[in-house]
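The values are calculated or read from the model by the stated rules, or taken from the named source; none is laboratory data. These numbers were taken from a predicted model, which means no experiment stands behind them. Quick reminder, even Gly has a Cβ in these numbers, built from the backbone with ideal geometry, and neighbours come from all protein chains shown. SASA here: full protein model, heavy atoms, side chains in, ligands and nucleic acids out. Shrake-Rupley method; radii C 1.70, N 1.55, O 1.52, S 1.80 Å.
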Amino acid sequence: VRIGLNAGEPIERDGDLFGTAVQLAARVADSAHGGQVLATQVVRDLTAGKGLIWSPTASIEAKGFDEPIVVYSLEAVA
């Protein structure tokens, strides 16, 4: 299982979700290895103080995004 997390406002149409937030989550998931949970900076910020230990990984080049995206790997739950 590979998990990629992002937060943002999706677009909903006919019961389907899409848009930049959803696309970035998919790109982050594509960059994860089996058993790995990766997240964007916004998810890391939103989970501050929740007992999750994130470590930065290399930036990823995400299709459809002009700038590299810094992703964080979930290391542990404290």
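Quickly run through segment 39-75 and pick out the residues that are surrounded by fewer than 14 Cβ atoms within 10 Å (Cβ to Cβ), within 26 Å of GLY19 (Cα to Cα) and in contact with a Leu (Cβ under 8 Å, 6 or more places away or on another chain).
Matches in segment 39-75: PHE65 only.
Determine, yes or no, whether ALA58 is in a strand (DSSP E or B) and either modelled with pLDDT under 95 or among the hydroxyl-bearing types (Ser, Thr, Tyr) (or both). Please lay out each step first, then the result.
Working: in a strand (DSSP E or B): no; either modelled with pLDDT under 95 or among the hydroxyl-bearing types (Ser, Thr, Tyr) (or both): yes.
Considered against the rule, which asks whether it is in a strand (DSSP E or B) and either modelled with pLDDT under 95 or among the hydroxyl-bearing types (Ser, Thr, Tyr) (or both), ALA58 comes out as no.
Taking ALA78 as the residue in question, decide whether it is surrounded by 15 or more Cβ atoms within 10 Å (Cβ to Cβ) and either modelled with pLDDT under 95 or not acidic (Asp, Glu) (or both).
no
If we scan segment 18-38, do we find a residue that is open to solvent by less than 70 Å² (accessible area, probe 1.4 Å), of a type in the set (Lys, Arg) and either under 17 Å from ARG2 (Cβ atoms) or not in a loop (DSSP other than H, G, I, E, B) (or both)?
Within segment 18-38, one or more residues are open to solvent by less than 70 Å² (accessible area, probe 1.4 Å), of a type in the set (Lys, Arg) and either under 17 Å from ARG2 (Cβ atoms) or not in a loop (DSSP other than H, G, I, E, B) (or both).
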